[in-house]
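Below: one structure, written as structure tokens.
The values are calculated or read from the model by the stated rules, or taken from the named source; none is laboratory data. Since the model is a prediction, treat every value here as computed from it, not as a measurement. Neighbour counts run over all protein chains shown; Cβ positions are idealised from the backbone, glycine included.
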Amino acid sequence: MLSEFVLAHTVSAPVPFVPELTLWQAEEPIALWEATEAAGESQPPPFWAFAWAGGQALARHILDEPDLVAGRSVLDLATGSGLVAVAAARAGATPVVANDIDPLSLAAASANAAANTVRIETLEADILDSSDKYGVVLAGDVFYSREMAARVLPFLRRSAGRGSLVLVGDPGRAYLPEGLIKRAVYEVPVNEALESVAIRRTTVWQVTS
């Protein structure tokens, strides 16, 4: 089962910048990468096993300002570990939908929601051409490649145009677009084996139409 793979390759630990939440996180990034590749050629990288800087900043921002999401429907786009979805649920959002195209990601998100005693829904689909409306759309660390940025940004701008509050967390990735509104800046502890540094200055941005 997918959940068994997740739990077999991670340990439960507090999130460095959001210690009130715990995640199932990989201790050895390279070993997990190899295990994921061995599980099948079509497996995406195990983004779900780490607390990435953008997600940590976004989770911190939501928990510190729960009125942004409380009582509102939330989409966590490209959820990865589910950290942002879990934070939104903890802050009082409902319903919270964690979306990803990787089934292992959604298994991890479900496990992390259970570990933090919150309720989320999962959606395995490419929704970037969809028009469903949410009160809030959240996205952590989605501008890491040209291809991803080119597909995600139009979706986020359309969501803002439909009236959603759209927030992204980004640590200065190469394809971060211009024209965003800065809401907060944090110094976020990260996995040095993945990021080559111990701290990433990370910004929460608001996307407009």
Check your understanding: Does region 83-118 hold any residues that are hydrophobic (A, V, I, L, M, F, W, C), over 14 Å from residue 25 (Cα atoms) and over 15 Å from the mean Cα position of the chain (by Cα), and which are they?
Key -> 91, 93, 114, 118
Exercise for review: Could you check how many residues of region 185-197 are touching a residue at least 12 places away in the same chain (Cβ under 8 Å) and in a helix (DSSP H, G or I)?
Suggested key: 3
Check your understanding: So which residues in region 198-209 are modelled with pLDDT of 95 or more and either in contact with a Leu (Cβ under 8 Å, 6 or more places away or on another chain) or not in a strand (DSSP E or B) (or both)?
Key -> 198, 204, 205, 206, 207, 208
Exercise for review: Go through region 1-19 and give me each residue that's touching a Leu at 6+ places or on another chain (Cβ under 6 Å) and either part of a strand (DSSP E or B) or within 19 Å of residue 56 (Cβ to Cβ) (or both).
Suggested key: 15
**Study point:** Single match in 179, 163, 172 (criterion: touching a Gly at 6+ places or on another chain (Cβ under 9 Å) and on the phi > 0 side of the Ramachandran plot)
**Key:** 163
**Study point:** Residues (crowded, with 16+ Cβ neighbours inside 10 Å and either more than 13 Å from residue 207 (Cβ to Cβ) or in contact with a Phe, Trp or Tyr (Cβ under 7 Å, 6 or more places away or on another chain) (or both)) located in region 136-146
**Key:** 140, 141, 143, 144
Review point. What number goes with the only condition from (1) at pLDDT 90 or above; (2) assigned to a helix (DSSP H, G or I) that residue 75 does not pass?
Key: (2)
Check your understanding: Among 107, 59, 111, 31, which is among the small types (Gly, Ala, Ser), within 21 Å of residue 190 (Cβ to Cβ) and surrounded by 15 or more Cβ atoms within 10 Å (Cβ to Cβ)?
Key -> 59
Review point. Could you say which residue among 111, 149, 160 is over 22 Å from residue 202 (Cα atoms) and assigned to a helix (DSSP H, G or I)?
Key: 111
Check your understanding: Identify, please: which residue in region 12-27 is farther than 16 Å from residue 82 by Cβ and free of Cβ contacts under 8 Å to residues at least 24 places away in the same chain and is, among those, surrounded by the most Cβ atoms within 10 Å (Cβ to Cβ)?
Key -> 27
Point to revise | Enumeration of residues in region 82-104 that are in contact with a Gly (Cβ under 8 Å, 6 or more places away or on another chain), surrounded by 23 or more Cβ atoms within 10 Å (Cβ to Cβ) and not small (Gly, Ala, Ser) | key: 83, 84, 100
Exercise for review: Would you confirm whether any residue within region 82-92 is in a loop (DSSP other than H, G, I, E, B) and either touching a Phe, Trp or Tyr at 6+ places or on another chain (Cβ under 7 Å) or not small (Gly, Ala, Ser) (or both)?
Suggested key: no
Point to revise | Filter result for the condition that a residue is touching a residue at least 24 places away in the same chain (Cβ under 8 Å) and assigned to a loop (DSSP other than H, G, I, E, B), over 51, 59, 70 | key: 51
Check your understanding: Any chance region 107-116 includes a residue that's over 15 Å from residue 3 (Cβ atoms) and at pLDDT 95 or above?
Key -> yes
